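The values are calculated or read from the model by the stated rules, or taken from the named source; none is laboratory data. Nothing here was measured: the structure is a model prediction, and the numbers come from that model. Ideal geometry is used to build each Cβ from the backbone, glycine not excepted, and the neighbour counts take in all protein chains shown.
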Amino acid sequence: MSPSSLLLASPRHAVVCGGSMAGLLTAGLLARHFERVTLVERDGLVDSAQPRKGVPQGPHTHVLLQRGLDIAAGIFPGLREDLRAAGAQVMDMSADCAWHTAGVWRKRITSGVTLYSQTRPLLELRVRARVAALPNVRILDRQEVAGFLHDEARTRVTGLRLRAPGSTEETSLVADLVVDASGRGSRTPQWLEELGLPRVEETRMEVDVGYATRLYRRPAGFNPGWEMLMVSPELPRLRRFGAILPIEGNRWTVTLCGWLKDHPPTDDAGFLAYARGLAQPHLYEALKNAEPLGPISSHRLPHSQWRHYERMSRMPEGFIVVGDAFCSFNPIYGQGMTSAALQVELLGQCLRRGLGGLTRRYFARAGGVLKMPWLVSTTEDLRLPELGDARFPGSGFLQWYGERFQQLTTADSEAVQTCMEVMHMLKPPESILSPRLLWKVMTGRHETAERARGPEPLSVRASSSRAA
């Protein structure tokens, strides 16, 4: 039987490649538009919150920004309640967070911008349970994609060729729509070439980010004046970032990371020594007597990358790309899952007009969804002189203004509120250029206003107690 006749025998069927967050959100969305949805995942999936091979970054600290959670909860009503019941820690992104950035401590206000903090495996587990409960969704795990099925003219993707990992025996899965959510390792560029299309253009930022994460028991009675701690780098001089976030099980997830080979070690002494080299001592002070819960996990990302499918003059119909398979960001900025959610939201908007011309309509708008988060992260990365060749017109001004705006957040509540909303993709980045904020930045208001004082390091508190 030909692929075209199989297609007629299986109307309104969508297939999603990849069972990570981008794929899960896509499957949940497509279940509203298609009679059947099949989610294909190479890993064996288990009903526990454990890291898996297909998500090598899984053990590390992840944040789903408020805009991303809003989209996810729109697809899966009640998801917030599920996460809270599973132990997610709910915090105000400003009031509960001590954050040192651009050489200052950010003023803390009740922003209303909320973060749900949990491990990545727990987040995936709860979302996957929602997907599995959908009556028209089937999850096929332990299956890898071997290539596309296509029509005779090679202008439409009509399904996928599947096989078990390590096997050469293939089966065909026919679909009206195929969505690639398979992550950075996506083989779509090669498969499009096999259809006679040119190699997709790719932009890379050679950031060489390395990060290491360890879980700790949250110390009993520990009250440092914060629930969450962030110590940002001061690029290009200081290239290290550190964060402590509370998670389920009365634990902390602690991540250290750095650019361009300044990577954190994975031995106990080296991990602590690296933390001591952050711009402020608070994270080191919190960790040095805390109880670790397991080994240190490490991961390296040589480059962020954007595969410009939106620039392709021709793409096969019946095919969409979302998530890291499309654009993979520097993970330090925490944009990846929320960017994927925005792409899924866009796909839903495009589907309201039906399948006709869906691929063209989606990619025509997808570049706009990716442009802003890419600009925000790469503008910061370009402070590193080693990346100078990648600078673009206006990047110097954006860096100068961005640093002064961050310094304004030490004294100005409006700046803090706008910063939180932009960071969580609730407002566009140009919001920091509003006339009022522009005037405050350009007149140097932060230089004369009273600056926020950060929490005292624990060593200072201990010294004060002994002196008393």
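Collect the residues in segment 179-197 that are over 12 Å from P316 (Cα atoms) and assigned to a loop (DSSP other than H, G, I, E, B), keeping them in residue-number order.
The answer is A181, S182, G183, R184, G185, S186, R187.
Among the candidates S182, S186, which residue alone is buried (at least 20 other Cβ atoms within 10 Å of the Cβ), among the hydroxyl-bearing types (S, T, Y), in contact (Cβ under 8 Å) with a residue 40 or more places away in the chain and in contact with a Cys (Cβ under 7 Å, 6 or more places away or on another chain)?
Going through S182, S186 in turn, just one is buried (at least 20 other Cβ atoms within 10 Å of the Cβ), among the hydroxyl-bearing types (S, T, Y), in contact (Cβ under 8 Å) with a residue 40 or more places away in the chain and in contact with a Cys (Cβ under 7 Å, 6 or more places away or on another chain): S182.
So which residues in segment 274-290 are closer than 16 Å to P233 by Cα and not in a loop (DSSP other than H, G, I, E, B), if there are any at all? Even if it seems obvious, please write down each step before you answer.
Within segment 274-290, the subset closer than 16 Å to P233 by Cα is 274-284.
Correct list: Y274, A275, R276, H282, L283, Y284.
Looking only at residues that are assigned to a helix (DSSP H, G or I) and of a type in the set (K, R) in segment 112-151, which one is nearest to Q66 (Cα to Cα)?
Let us first name the residues in segment 112-151 that are assigned to a helix (DSSP H, G or I), namely 120-132.
Among the residues that remain, those that are also of a type in the set (K, R) are: 120, 126, 128, 130.
Working: R120: 15, R126: 17, R128: 19, R130: 19 Å.
Ranking the candidates gives R120 first.
Filter segment 28-51 down to the residues that are among the small types (G, A, S) and either in a strand (DSSP E or B) or under 29 Å from G249 (Cα atoms) (or both), then identify the one that is modelled with the lowest pLDDT.
S48
Identify all residues within segment 310-331 that are in a helix (DSSP H, G or I) and touching a Gly at 6+ places or on another chain (Cβ under 9 Å); write none if there are none.
Once the filter is applied, which keeps residues that are in a helix (DSSP H, G or I) and touching a Gly at 6+ places or on another chain (Cβ under 9 Å), segment 310-331 yields E310, R311, G323, D324, A325.
Could you tell me whether segment 288-300 includes any residue that is of a type in the set (A, V, I, L, M, F, W, C) and surrounded by 20 or more Cβ atoms within 10 Å (Cβ to Cβ)?
No, segment 288-300 has no match at all.
Regarding segment 258-271, can at least one residue be identified that is in contact (Cβ under 8 Å) with a residue 60 or more places away in the chain and in a loop (DSSP other than H, G, I, E, B)?
Kept after step one, since they are in contact (Cβ under 8 Å) with a residue 60 or more places away in the chain, are these residues of segment 258-271: 259-260.
Keeping just the survivors that are in a loop (DSSP other than H, G, I, E, B) gives 259-260.
Yes, segment 258-271 has at least one match.
Based on this model, can you work out whether V369 counts as surrounded by 13 or more Cβ atoms within 10 Å (Cβ to Cβ), at pLDDT 95 or above and over 22 Å from C97 (Cα atoms)?
yes
Within segment 156-176, restricting attention to residues that are more than 30 Å from G356 (Cα to Cα) and of a type in the set (S, T, Y), which residue is surrounded by the fewest Cβ atoms within 10 Å (Cβ to Cβ)?
T168
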